[in-house]
Amino acid sequence: MLTLIIAVLLIVGAISFFYFSYNEGETITYDWLGQTGELPLAWMPYLIVYLILGLLAIWLILKLFSIPSRISRSGKARGVKKSRESLDRGLLEIQTGEFQRGESSLTSHVDGTKGDAVKFIAAAKAAHQRGAGDQAEHYLKKASDASNDAGDAIRVAQAEMLLDRGSFADAETILTSLSKKMPKNAHVLGLLATALQGTGNSAKLVDVAGAMRSRAGVPDDRVAPLEHKAWVSMINDSSADELTKNWESLPVNAKRDQTVAGTYASKLIAINEHDKADTVLQKTLNAGWNDDLALLYTKVDATNSTKQLEIAEGWAAKQPHNQAAAVMVGTLAAKRQLWGKSRESLVKAAESGDLTTGLCNQLGHVLEAMGDSAKAQDCFKSAAAISLGEPAVGVLSDITNLSKNLG
């Protein structure tokens, strides 16, 4: 500004010098508020100089008055710089596990802006990490005081701390409220899912998992395991009265899941709903083979046991070298006291895989029912030996000739 005024002064002075040197002695007439008069033209350079000097004086006065505000702005700038430096330093210290030092750095320079809330939330998390719960709550209160806009962030931080402490019910309350306010927030929904797993609220967990996929756009490979766990938990936790209702409420892909279907069938067997279990297991095994479900099928006491055995034999025919399939047929045949068929299938099972304690005992009971006590005792002794990590004994010690030795 000063440079500009000096430049203008020099230019006007030069122009005035050249102009008035050719107009000496002339006058100009002025009209000011109805008053007229004449001024010597030679005075004009001086008037222009006085005008510029007046402008310069005004500029200097304004500069003097602006000094306090400039000092204030400069002080604020330094404060903001220190505040940012303390934030950076504190976050780096927390990242390296220096939680208490991080807290001190974060709270050493607060500038009264909304940024203070970020510092106090970070300090609260650091205090929580070192087990200072009361101090963490204190920092969160300071964060709330620092900014009215930090409420949601503070509640998320509170929920995270509650989850770390295993206070799932309290965390669920906070996160349920937040999820209604932020229905597309993947982080909030993920935290809520964790809380629901902790409280065992599997029915609600199914809904939240669906919301994570549909509303928050969480990738399927992250949602699918959570959803699967929720389905199994919901069926497993169902009472006898609500079991069928909860099963029917599941989506189609859940009912097709072998683990979910197996859990449902097990619950049905436990409450003596064997025919329902028969239907579920038949449908599931027809869609795809599963060893565990095949063995579970042996626990079903279907009304039509003859048909049940025929169905099992049909599956086993498609799995000719599968031990579980052979055990399934052998067990169901034994239930109907078809001892020859049972022995044949159990021997096939022994030849199809490793001997187990259960298989040896089953074969022993069948042989005992057929009156072959000596070989039955070999089977029982082999079961005991295998349970101790020792090899089978007697007739079961020669698997390659087992069919021949057992007739």
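Values in this text are rule-based calculations from the coordinates and carry no lab data. Owing to the predicted nature of the structure, the values given are computational and were not obtained by experimental measurement. Note that each Cβ is placed from the backbone with ideal geometry, even for glycine, and that neighbours are counted across all protein chains shown.
See the values below:
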{"quantity": "Distance from the range 344-387 to the range 279-295 (C-alpha centre basis), Å", "calculated": "25 Å"}
{"quantity": "Two-site label geometry, residue 354 and residue 245: point separation in nm, points 7 Å out along Cα→Cβ", "calculated": "4.5 nm"}
{"quantity": "FRET E, pair residue 215, residue 130, Förster distance 35 Å, beta-carbon r, rounded to 0.05", "calculated": "0.45"}
{"quantity": "Net lengthening on full extension, residue 137/residue 388 (0.36 nm per residue, minus Cα-Cα)", "calculated": "84.8 nm"}
{"quantity": "The range 114-133-the range 311-329 distance, computed between alpha-carbon centres (Å)", "calculated": "61 Å"}
{"quantity": "The range 243-270 residues near the modelled residue 203 label - backbone nitrogen below 16 Å, point 7 Å along Cα→Cβ", "calculated": "243-251"}
{"quantity": "Nitroxide proxy distance, nm - points 7 Å out along Cα→Cβ at residue 184 and residue 255", "calculated": "3.3 nm"}
{"quantity": "Kirkwood Rh and Cα Rg combined as Rg over Rh, evaluated for the range 304-407", "calculated": "0.97"}
{"quantity": "Sorted by Cβ density within 10 Å, fewest first, the residues 170, 241", "calculated": "241, 170"}
{"quantity": "Computed over the range 281-407: relative contact order in percent, which uses C-alpha pairs under 8 Å that are six or more apart", "calculated": "16 percent"}
{"quantity": "Qualifying GluC sites (Glu not before Pro) for the range 226-256 [loop in DSSP, other Cβ within 10 Å: at most 16]", "calculated": "242"}
{"quantity": "Set 255/348; 348/375; 307/341; 204/255 screened for pairs whose C-alpha atoms are more than 21 Å apart", "calculated": "255/348"}
{"quantity": "Two-site label geometry, residue 400 and residue 222: point separation in nm, points 7 Å out along Cα→Cβ", "calculated": "5.6 nm"}
{"quantity": "Paramagnetic label zone (point 7 Å from Cα along Cα-to-C-beta, residue 291; backbone N under 13 Å) in the range 311-335", "calculated": "321-328"}
